[in-house]
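Undergrad: Sharing a structure, written as structure tokens. Questions coming.
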Amino acid sequence: MLRSLEELLYEVMTWLVFYPRTVLLTLVQPLKTLEYCKAQFHRPEEERFDRSLSPPLFLLLSLLLSHFLEIGLHIDPVGQVNAPILQMSQQNLIVFRSLVFALFPLMFALRYVKASGLSLSRTTLRAPFFIECYPASVFALLLQIGMTMEHGLQHGRMAGGALAAGATVWYLAVQTAWLSRGDKSRWKAFSIALWQLVKALAIILLVAIGLAYESHLFD
């Protein structure tokens, strides 16, 4: 038990070092970070992501950080949600947001598996999903911060909107550059990236409509 607590404490403390490092590297050198993530799957499992955070953990921590920022600015994110299922707790909202933003790496990962001619399985989907979690995490962090600024700061509407828009442009630019590494033109890569983004947003919209309908039933 003591050994487990020691490992847990050490693991959490390493987040303080490697989270900001991973954010900075992904933001400034996104393609290099994606290549690093891709290379990790050629290493033994116990040695993977030794110099950064695991991509799904990186996504979760980014959403937690933006959530704590909302709380720090005295914004009640749960109270702003109309769906009863999400009003139960902060934890439900965090889980929901995690699933929402995980849709973006999922769409790009599914596209990669299909384009590579691989049969779809949990094994073939794992590596591209992990790789795509890196840019999706920074996108989620900046987008959530921008939206929080819009709602939580008296004069932050324009700055928050600009940050959210910049995050979207950055995400599309990274995906375009990543997809165009092969023989694809920039415009072809951009159209593919935009289509994956649209598909993820369409699913999110359908879920939002479903939750709104559920809220109407409970009224």
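The values are calculated or read from the model by the stated rules, or taken from the named source; none is laboratory data. It should be emphasised that the depicted structure is a prediction, and the values quoted were computed from it without experimental measurement. Ideal geometry is used to build each Cβ from the backbone, glycine not excepted, and the neighbour counts take in all protein chains shown. Ligands, DNA and RNA are stripped out before the accessible areas are found, and what is left, the full protein with its side chains, is counted by its heavy atoms. Shrake-Rupley method; radii C 1.70, N 1.55, O 1.52, S 1.80 Å.
Undergrad: With a 1.4 Å probe and all protein chains kept in place, how much accessible area does residue 149 have, in Å² rounded to the nearest 10?
TA: Accessible area, nearest 10 Å²: 40 Å².
Undergrad: What does the charge count near residue 25 come to, summing +1 for each Lys or Arg and -1 for each Asp or Glu among other residues with Cβ under 12 Å from its Cβ?
TA: +2
Undergrad: Taking 0.36 nm per intervening residue step and subtracting the Cα-Cα distance, what contour gain separates residue 177 from residue 118 on full extension?
TA: Gain on stretching residue 177 to residue 118: 19.0 nm.
Undergrad: Just tell me, in residue order, which DSSP H segments of the chain are both 20 angstrom or longer along the helix axis (alpha-carbon based) and at least -0.5 in mean Kyte-Doolittle hydropathy.
TA: In the chain, the long hydrophobic H runs are 2-28, 55-72, 90-115, 122-152, 157-179, 186-218.
Undergrad: Compute the distribution of all C-alpha to C-alpha distances in the chain, in bins of 5 Å from 0, and list the percent of pairs in each, rounded to whole numbers.
TA: Over the chain, the share of Cα pairs per 5 Å bin runs 1, 6, 12, 17, 19, 17, 13, 9, 5, 2, 0, 0 percent.
Undergrad: Separate question: How much area per residue is accessible in the chain when the probe is 1.4 Å and only protein heavy atoms are counted (Å²)?
TA: 59 Å²
Undergrad: Roll a 1.4 angstrom probe over the protein heavy atoms and tell me the percent of accessible area of the stretch 93-180 that is carbon or sulfur.
TA: 68 percent
Undergrad: Counting only C-alpha contacts under 8 Å and six or more residues apart, can you give the relative contact order of the chain as a whole percent?
TA: Here the relative contact order equals 22 percent.
Undergrad: Here's another thing I want to ask about it. For residue 47 and residue 6 in one chain, what is 0.36 nm times their gap in residues minus the Cα-Cα distance, to one decimal in nm?
TA: Roughly 12.8 nm would be gained on extension.
Undergrad: Further, regarding this structure: Which value, in debye to the nearest 20, gives the size of the charge dipole of the chain about its Cα centre, when Lys and Arg are +1 and Asp and Glu are -1 at the Cβ?
TA: 960 debye
Undergrad: Here's a follow-up. Taking springs between alpha-carbon atoms closer than 10 angstrom, which of 187, 15, 170 fluctuates most in the Gaussian network model of the chain?
TA: Looking only at 187, 15, 170, the largest GNM fluctuation is found for 187.
Undergrad: Hey, another quick one. Can you give the log10 of the normalised intensity I(q)/I(0) at q = 0.21 Å⁻¹, computed with Debye over equal Cα scatterers of the stretch 91-219?
TA: Here the Debye-derived log intensity ratios amount to -1.28.
Undergrad: Quick check: residue separation of residue 206 and residue 73 times 0.36 nm, minus the Cα distance between them. What number comes out in nm?
TA: Taking 0.36 nm per residue and subtracting the Cα distance, the gain is 44.9 nm.
Undergrad: On a 1.4 Å probe surface of the protein chains, which of 207, 23 comes out largest in accessible area, and what is the full order?
TA: 207, 23
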